[in-house]
1. Can you compute the equivalent ellipsoid semi-axes for the stretch 434-539, i.e. the square root of 5 times each eigenvalue of the Cα gyration tensor, sorted largest first and rounded to whole Å?
2. Could you run the Karplus curve 6.51 cos²θ - 1.76 cosθ + 1.60 with θ = phi - 60° over the stretch 321-332 and give me ³J(HN,Hα) per residue in whole Hz, x for Gly and Pro?
3. Leaving out ligands, DNA and RNA, and with a 1.4 Å probe, what % of the accessible surface on the stretch 434-539 is carbon or sulfur?
4. Past 30 Å, Cα to Cα: identify those pairs from Lys427/Lys516; Lys187/Lys491; Lys137/Lys164; Lys164/Lys386; Lys164/Lys423, in the order given.
5. Considering only protein heavy atoms, what is the solvent-accessible area of Asp274 at a probe of 1.4 Å, reported in Å² to the nearest 10?
6. Out of residues 5 or more away from Val183 or on other chains, whose amide H comes under 5 Å of its own, with H placed 1.01 Å from N in the peptide plane?
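The values are calculated or read from the model by the stated rules, or taken from the named source; none is laboratory data. Model, not experiment: these values are computed from the prediction. Note: accessible area is taken over every heavy atom of the protein model, side chains too, but ligands, DNA and RNA are not part of it. Shrake-Rupley method; radii C 1.70, N 1.55, O 1.52, S 1.80 Å.
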Amino acid sequence: MAQPRLTDFFARRRPGPRAAPPRAKPAWRTPSPAKPAPPTPARTPGGSRKRARPPAEPTRDHPAPPARRRLRLPADTVSSPSALAAPGSPEEATLSAGQLPCLAAQEDTASSKVTLSELKSCLQRARELGARAQELKASAQRKDAGEPCVLEDQGQPAGPCGQKAPAYQRFHALAQPGPPGLVLPYKYQVLAEMFRSMDTIVGMLYNRSETATFAKVKQGVQDMMRKRFEERNVGQIRTVYPASYRFRQERNIPTFKDGVKRSDYQLTIEPLLDQEAGSTAPQLTASHLLRRRQVFGQNLVERVREHHRAFLASLNPPMVVPEDQLTRWHPHFNVDEVPDIEPAELPQPPTTEKLATAQEVLARARSLMSPRMQKALSDLALRTAKSGSPGSPGPALPATPPATPPAALKGVSQDLLERIRCKQAQKQLAQMTRQPEQERRLQRLERLPELARVLRGVFVSERKPALTMEVACARMAGSYRAALSPGEMEKHVQLLSELLPDWLSLHHVRTDTYVKLDKAADLAGVLARLAHLARAEAAR
């Protein structure tokens, strides 16, 4: 394709007489057998000897990118696009150099128009979305204005109104490591940690004969726990462990704060310790702290036991579990929904004489008020007296309707339902009173079917009639899906030999123990026997 010369471009840009249009280079084409080659014009003496390139026919699917950035000429010097020849005609090679930039300029103008329209539509859409967001935000604010938020207990930051507590608090008991037991709710554990921190701070101040005030203890506990500690939490601690501290309101206590005066009353905290006759003042040692912490934890567990007993009494049929045999809570007892502990009353500073009613204010400052203000206070006193009179009793609450069986159990015999409920209650009672040793044995029995399959695969791969205990346990620990130590795996092998002595036997030779397996036995029968033993153990 012919290209304009750089000198022609600057000649057209320079003011003055317009330069002559550039000469088109002759087009050279390779003759093909299908059609004759076009006649080649005669070469002039002043023409260029360089052979012109054949024009590249652009394709619709993959247009060839330009090799260099072309210089675009002004629109007034470009001929109209109607002069262009159809592609494939002989006149295509003799197009003038100014017609191609004109087409490029028209395409850029069309693309800019499309881009501008798209930008306008996007801007309009963004404005509509912004207005919608403002409306939703205003409606949410109006909705929240009528429901005041209440801060959560135990020093936790309050969430938006109407939302539940976080999942790590509502399901805290389910996420505890180790075997299940008498787990405390999350808020009770936070309170136990607060008591431990408070006892540590009070003990430090008490041992150096310094008066422990609530302001000092509050700052120390908040620094240790990174949680808010208020008088309400102190009241809860007093409710759980009444014999732990003595609380008093005292003044003339030296303070080093500008906001607290020496004459102000402050809540003082003193630990209660057993003092032997004739001995000096006892110290709050580490053994005392540990014992007090254990007593506080036992009191918290006892409070949860009371709610658990009420839950068992509400079941159908009701259950009674001896307290000394209870090792875990009922499966349907939601530990984290236990009600919060009500705070006990703490000593308050003595009340000074204050004007509480409008009549007292009127009697004291009658001479200092205008007649209009005296009349307003008199009306307020009358309205207060009327509102304080006892009103009519409220309507009686409707009685609780009797429990009706669900629609899915209609037509089922009541005797069958009672037997199922009794059997389920017995199973849950056995689960609640199961000892830790029995729980560990049951867990091992549940693992034995899969471990038996793994052990037989180890013997088949090793191709030996007997293996040492160390080698067998190491191979089993590497092939089992859960992470078990070799010592724990050895206990499983011993239990397996105890339950199935005809299939697996242990032989002690000097200092080593060898495991011998009957590979000819039916593995399916062995697994069925192990599953039956596990079910029988769980039903006890």
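1. 22, 16, 13
2. Coupling constants for the stretch 321-332: 10, x, 5, 6, 9, 6, 10, 7, 7, 4, x, 8 Hz.
3. Numbers: 3080 of 6100 Å².
Accessible surface attributable to carbon and sulfur in the stretch 434-539 totals 50 percent.
4. Lys427/Lys516; Lys187/Lys491; Lys164/Lys386; Lys164/Lys423
5. Per-residue accessible area (Asp274): approximately 150 Å².
6. Close amide H contacts, sequence-distant or interchain: Trp329.
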